[in-house]
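The values are calculated or read from the model by the stated rules, or taken from the named source; none is laboratory data. Only a predicted model underlies this, so the values are computations on that prediction, with no experimental measurement involved. Cβ atoms come from the backbone with ideal geometry, glycine included; neighbour counts cover every protein chain shown.
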Amino acid sequence: MKKVEAIIRPSKLHDVQEELKNRDIPCLTVVPVKGSGLQKSYSEQYRGASQTLILQQRVMIICIISDENLEKCIEAIKMSAGTGTVGDGKIFVYDVQDAIRISTSVRGAEAIR
Ligand SMILES: Nc1ncnc2c1ncn2[C@@H]1O[C@H](COP(=O)(O)OP(=O)(O)OP(=O)(O)O)[C@@H](O)[C@H]1O
Ligand SMILES: [Mg+2]
């Protein structure tokens, strides 16, 4: 199992959720986050004075999926979250040790089917 963590623009959340659902990846968790990427998000400089670090509003989508669904999940997020400009976000992938469906006590890959 894999955990896919995607940090995207809030305006793209609806499209990403729809695209994942269309590809049979309906389960997800969404968390509002703030962050900064490679552009470091400095506010405008004022007379060369010290710059203030600012944070961008973003949304984090978390999907726990089977190994075989990984590329499908990444593709769905890339095509629905992208605008082709900087600030589109990032996708991180982790290994997942286990999953437990509380209602049935089923464990492992069966629990996320
Ligand atoms: N290496 C990182 N570690 C943790 N969070 C990150 C990292 N890179 C990006 N993020 C998160 O993703 C958000 C969006 O980042 P962003 O899309 O601007 O990435 P970037 O690395 O600057 O790439 P780009 O040049 O495409 O903008 C950031 O606000 C931050 O929350
Ligand atoms: Mg950036």
statement: Residue hits (the range 47-81; part of a loop (DSSP other than H, G, I, E, B) and free of Cβ contacts under 8 Å to residues at least 60 places away in the same chain) are Arg47, Gly48, Ala49, Ser50, Gln51, Thr52, Ile54, Leu55
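Sort out which residues of the range 1-18 are more than 18 Å from Ser66 (Cβ to Cβ) and in contact with a helix residue (DSSP H, G or I) (Cβ under 6 Å, 6 or more places away or on another chain), and write them in order of number. Before you say what the answer is, go through the steps one by one.
Taking the range 1-18 and keeping what is more than 18 Å from Ser66 (Cβ to Cβ), we get 7-18.
Matches in the range 1-18: Ile8, Lys12, Asp15, Val16.
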query: What number goes with the only condition from (1) in a strand (DSSP E or B); (2) more than 12 Å from the chain's Cα centre (by Cα); (3) of a type in the set (Gly, Ala, Ser) that Ala109 does not pass?
result: (1)
The range 84-112 residues that are within 18 Å of Met60 (Cα to Cα), paired with ones that are within 16 Å of ligand 1 (Cβ to nearest atom) and at pLDDT below 95 (beta carbon under 9 Å, 6 or more apart): Val86/Gly37; Val86/Leu38; Val86/Gln39; Gly87/Gly37; Gly87/Gln39; Gly87/Gln56; Gly89/Gly37; Lys90/Gly37
task: Being surrounded by fewer than 13 Cβ atoms within 10 Å (Cβ to Cβ) and more than 9 Å from ligand 1 (Cβ to nearest atom) is the filter; apply it to the range 78-92 and report the residue that is nearest to Asp15 (Cα to Cα).
output: Met79
query: Considering only the range 1-38, how many residues are among the basic types (Lys, Arg) and assigned to a loop (DSSP other than H, G, I, E, B)?
result: 2
